[in-house]
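*Asks:* Take a look at this one; I'll ask things after.
The values are calculated or read from the model by the stated rules, or taken from the named source; none is laboratory data. Here the structure is a predicted model, which means the values were calculated and not measured. Glycine also receives a Cβ, built like all others from the backbone with ideal geometry; neighbour counts cover every protein chain displayed.
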Amino acid sequence: MKEMSSSPPLPCKFATTGCPLTLRRTAKLEHEELCKFQPYSCPCPGTPCRWQGSLDAVVPHLKQQHKSITTLQGKDILFTAAGVDLPGTINWVMVQSCFGFHFLLVLEKRERPREHQQFFALVLLIGTRKQAKKFVYRLELSKSSRLLAWEASPHSILEGVASVITNTDCLVFDKATARLFAENGNLDINVSICYT
């Protein structure tokens, strides 16, 4: 009797969205985690957007449906968040384009009990987890003789803003720190992306 483990190859569960691969059961699960044909949700935080599509369609979706998001070119850019002193939960979002990829830059302010505010700054690659591991980003707040910096590998948009914030795998600071670096309610964050 032949071993049952030598089952016939099965199509990837994303075959309907274009994946041509058929794989053995053990390889199939690993492949599906990284498959570029899996549907991506809209990565824009703070919006009720229910869009889903291919990885190649994410940037066109952001440009067409979220027109307030600007795109800056280059590996070193300045991300300005206006109105950081305003009350409430607020998201500032921008796209940075360099090395042939697009990165989603997010600053999220959350209101906590007793007027405590927390800020979360992060970078997500509009790409796969495997591609994200090839980059390092650096966020810097600087003013006068003060410097606050965070350096890490970006996460893929598949992981989402909420997940990165929940795991605090991002630059986290409070209202007092924001005030130290803000000028007239605007907070400038220097963003650098390196290909490793």
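*Asks:* Give segment 180-196 a look and list any residue that's closer than 23 Å to CYS98 by Cα and not β-branched (Val, Ile, Thr), or say none.
*Replies:* LEU187, ASP188, ASN190, SER192, CYS194, TYR195
*Asks:* Continuing with this model, one more query. Sort out for me the strands (runs of 3 or more DSSP E) sitting completely within segment 132-196 that have 1 or more residues that are of a type in the set (S, T, N, Q) and within 30 Å of LEU34 (Cβ to Cβ).
*Replies:* Result: 186-195.
*Asks:* Which of the residues spanning segment 159-179 are in contact with a Phe, Trp or Tyr (Cβ under 9 Å, 6 or more places away or on another chain) and either modelled with pLDDT of 95 or more or farther than 15 Å from VAL123 by Cα (or both)?
*Replies:* Matches in segment 159-179: VAL161, VAL164, ILE165, CYS170, LEU171, VAL172, PHE173, ASP174, LYS175, THR177, ALA178.
*Asks:* PRO60 versus (1) within 22 Å of SER142 (Cβ to Cβ); (2) loosely packed, with under 12 Cβ neighbours inside 10 Å: which is the lone unmet condition?
*Replies:* Every condition holds for PRO60 apart from (1).
Let's see how each residue does on (1) of a type in the set (Phe, Trp, Tyr); (2) buried (at least 18 other Cβ atoms within 10 Å of the Cβ); (3) within 19 Å of ILE157 (Cβ to Cβ):
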{"position": "ARG25", "(1), (2), (3)": "no, no, no"}
{"position": "TYR40", "(1), (2), (3)": "yes, yes, yes"}
{"position": "ASP76", "(1), (2), (3)": "no, no, no"}
{"position": "ASP85", "(1), (2), (3)": "no, no, no"}
{"position": "GLY88", "(1), (2), (3)": "no, no, no"}
{"position": "ASN91", "(1), (2), (3)": "no, no, yes"}
{"position": "SER97", "(1), (2), (3)": "no, no, yes"}
{"position": "PHE101", "(1), (2), (3)": "yes, yes, yes"}
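*Asks:* A follow-up question, please. For segment 108-155, enumerate the residues that are more than 20 Å from the chain's Cα centre (by Cα) and either within 16 Å of VAL93 (Cα to Cα) or of a type in the set (Asp, Glu) (or both).
*Replies:* Within segment 108-155, GLU111, GLU115 qualify.
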